[in-house]
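The values are calculated or read from the model by the stated rules, or taken from the named source; none is laboratory data. Just so you know, these numbers come straight off a predicted model, no measurement behind them. When we count neighbours, we look across all protein chains shown, and the Cβ atoms used for this are built from the backbone with ideal geometry, even at glycine.
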Amino acid sequence: KLGEKVVVIDDLITTGASKLEVIAPLTQEGLKVSDIVVFIDRDQGGKEQLEEKGYHFYSVLRLTEMISTLETAKILTKTKAKEVMDFLATHRV
């Protein structure tokens with residue numbers, strides 16, 4: 001219905017571009033999107049991109065937190081954890 005509120009839910013966010021692609025036709029049809037929820041935030045700038053556009057963003061998990069937890073549990077070596085964290089830091093939008 002025109003003016004109805006919609007929450008966009010997805011599994012993962014990297015840059016936020018795919019969320020904006022989903023939102024565009026919804027708003028063209030008169031729906032109001034203000035909240036976006038994802039399971040995993042890859043911490044590569046998507047959250048910031050969406051918040052800059054005025055959306056409220058929520059994630060269940062952040063990839064950087066997952067990497068830290070895996071390192072603490074000794075499931076991931078310090079070397080591999082650093083490699084992944086460096087990749088995430090250098091591949092932000």
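Here ILE13 fulfils each of the conditions (1) over 18 Å from GLU65 (Cβ atoms); (2) β-branched (Val, Ile, Thr); (3) touching a helix residue (DSSP H, G or I) at 6+ places or on another chain (Cβ under 6 Å) apart from (1).
Looking only at region 45-93, filter to residues that are of a type in the set (A, V, I, L, M) and in contact (Cβ under 8 Å) with a residue 24 or more places away in the chain; which one of those is nearest to VAL6 (Cα to Cα)? So the residue we want is LEU50. Note on the chain: enclosed strands (runs of 3 or more DSSP E) holding 2 or more residues that are under 10 Å from the mean Cα position of the chain (by Cα) and crowded, with 18+ Cβ neighbours inside 10 Å are 32-41, 56-62.
Only one entry in VAL60, VAL33, VAL93 is of a type in the set (A, V, I, L, M, F, W, C), closer than 27 Å to LEU20 by Cα, at pLDDT 95 or above and touching a Ser or Thr at 6+ places or on another chain (Cβ under 8 Å), namely VAL33.
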